[in-house]
1. Only one residue in Gly259, Gly286 is at pLDDT 95 or above and more than 21 Å from the chain's Cα centre (by Cα), so which one is that?
2. Residues of the stretch 349-364 being assigned to a loop (DSSP other than H, G, I, E, B) and at pLDDT below 95, which ones?
3. Looking only at the stretch 346-360, count every residue that is within 8 Å of the ligand (Cβ to nearest atom) and either assigned by TED's automatic domain parsing to the domain that holds Leu77 or within 14 Å of the chain's Cα centre (by Cα) (or both) and tell me the total.
4. Taking into account only those residues within the stretch 296-337 that are charged (D, E, K, R) and within 13 Å of the ligand (Cβ to nearest atom), which is surrounded by the fewest Cβ atoms within 10 Å (Cβ to Cβ)?
5. Could you grab the pairs with beta carbons closer than 7 Å, sequence gap of 6+ or different chains, first residue in the stretch 1-20 and at pLDDT below 95, second one more than 8 Å from the ligand (Cβ to nearest atom)?
6. Find all pairs meeting these conditions: Cβ atoms under 7 angstrom apart; at least six residues apart or on different chains; first residue within the stretch 22-46 and over 21 Å from Gly120 (Cβ atoms) and modelled with pLDDT under 95; second residue within 13 Å of the ligand (Cβ to nearest atom) and among the hydrophobic types (A, V, I, L, M, F, W, C).
Amino acid sequence: MSETEFLVVGAGLSGLRTAMALSSAGHDFLLLEGRRRLGGRVLSCDATGSDTQGRGLAGYDLGPTWVWQGQPRVAALFRELGIETFQQYRPGDLVFEEHPDRVQRFPGLALQGESLRVVGGIGRVVSALAERIPDQRIRTGVTVTAVTRQPSGLQVTVRDSQMRDSEIRAATVLITSPPRLAVKTILFDPALPEGVEMRMAGTPTWMAGHAKVLAIYRERFWASVGCSGEAISRVGPLAEIHDASPRDGGPYALFGFVGVPADQRRAMGRQQLQVAAVDQLQRLFGAGLSNPERLLVKDWSDDDMTATEHDRVPPHGHPEYGYPADLLSQWDGRLMLSGSETAYGSGGLIEGALESSEVTLARLGFGPARH
Ligand SMILES: Cc1cc2nc3c(=O)[nH]c(=O)nc-3n(C[C@H](O)[C@H](O)[C@H](O)COP(=O)(O)OP(=O)(O)OC[C@H]3O[C@@H](n4cnc5c(N)ncnc54)[C@H](O)[C@@H]3O)c2cc1C
């Protein structure tokens with residue numbers, strides 16, 4: 001049985017940030033990730049739709065897209081990793097579709113005008129973090145299924161892609177997977193206190209119920225008709241649309257948040273959604289949009305490494321996240337809960353993922369936590 005001092009569950013931004021800090025402090029640790037790729041909800045692809053993990057020049061974001069000024073941890077990390085940002089594309093009109101026959105244009109209005117995107121796609125952050133963690137410390141394609149407290153430490157059961165189980169012994173386990181998913185999929189023995197389990201099960205995973213459509217084009221056709229690519233629609237299937245092009249030239253892209261609820265999306269099927277999305281893009285921005293070079297759909301509600309069935313109906317508005325200190329630390333500090341949904345300041349967001357890592361590290365004795 002292998003042994004480690006710290007076992008980090010989940011290689012999203014929170015787990016990667018924590019692992020990078022453990023690595024630079026010279027600690028013995030393992031970072032375990034259930035998916036075959038790193039990044040969790042951060043997912044960037046190239047123009048063919050292949051996962052680039054931010055390694056290509058043109059990255060299109062299928063998970064998060066934006067960071068914002070005034071996010072201190074994002075700013076500090078991007079400085080440290082040499083990540084460049086650029087402003088969300090905004091020249092041109094905003095389009096509002098109230099009815100299929102009623103499309104209005106609003107010159108100079110922008111929904112996300114001040115939002116920042118990452119040059120090369122936000123997956124760049126994932127690859128830059130991973131470069132600072134030794135390969136032998138990371139295992140992908142292994143899912144943690146149980147954590148058992150024993151007198152001598154914690155025993156962690158992991159399942160590989162061939163459904164083979166093995167055990168790892170750890171002094172401390174840091175759970176960075178979304179709390180609702182963790183309490184559903186990991187068996188904690190002894191069971192966590194009922195109040196803790198209830199809190200975890202009741203914490204919606206931010207954006208887990210959503211889906212994105214990404215349409216890639218040779219030209220920025222919407223700009224040639226005077227539009228920024230931003231649109232709000234009460235007709236759908238896309239409820240909110242934005243330019244998703246790389247900073248430096250094409251292929252150009254639009255992405256839209258699908259406004260159709262998860263259960264209805266499942267019932268209508270992928271192809272019907274794609275056809276309806278292209279119809280809508282044509283309605284809003286003209287015939288140039290009729291034939292995308294590539295049309296990608298990422299439905300996070302169908303991804304069992306992010307969403308549970310309770311995430312299929314997203315919360316109204318942004319929930320009040322943030323776990324009190326006594327809840328973050330279980331089993332006398334041997335088991336710690338982390339991840340964006342545990343953070344107070346920007347819970348659910350990238351900044352929150354970094355905040356949760358900072359708080360976890362502070363509790364382990366690596367530097368002060370800011371709130
Ligand atoms: C469509 C979409 C749009 C978004 N837009 C934005 C945005 O514009 N700006 C913003 O700030 N945020 C946005 N977010 C939220 C942002 O992506 C998250 O806040 C952030 O990525 C969370 O990081 P995390 O490490 O806390 O969690 P995650 O990224 O969820 O990482 C958890 C990791 O744990 C792994 N895992 C789960 N269970 C197990 C297990 N049992 N064993 C091993 N591994 C496991 C998962 O595979 C995953 O890699 C968006 C999210 C989505 C889905």
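1. On the way: Gly259 fails: more than 21 Å from the chain's Cα centre (by Cα).
Checking each option against the conditions leaves just Gly286.
2. Leu364
3. Residues that pass the stated criteria total 7.
4. Narrowing the stretch 296-337 to residues charged (D, E, K, R): 298-299, 302-304, 309, 311-312, 320, 326, 332, 334.
Then keep just the ones that are within 13 Å of the ligand (Cβ to nearest atom); that gives 298-299, 302-304, 311.
On the way: Lys298: 19, Asp299: 19, Asp302: 15, Asp303: 17, Asp304: 13, Asp311: 23.
Top of the filtered list is Asp304.
5. From the stretch 1-20, the pairs are Met1/Glu167; Met1/Ile168; Met1/Arg169; Ser2/Ile168.
6. Between residues of the stretch 22-46 that are over 21 Å from Gly120 (Cβ atoms) and modelled with pLDDT under 95 and residues that are within 13 Å of the ligand (Cβ to nearest atom) and among the hydrophobic types (A, V, I, L, M, F, W, C), there is no close pair.
The values are calculated or read from the model by the stated rules, or taken from the named source; none is laboratory data. The structure displayed is predicted, hence computed values, not measured ones. Cβ: placed from backbone, ideal geometry, glycine included. Neighbour counts: every protein chain shown.
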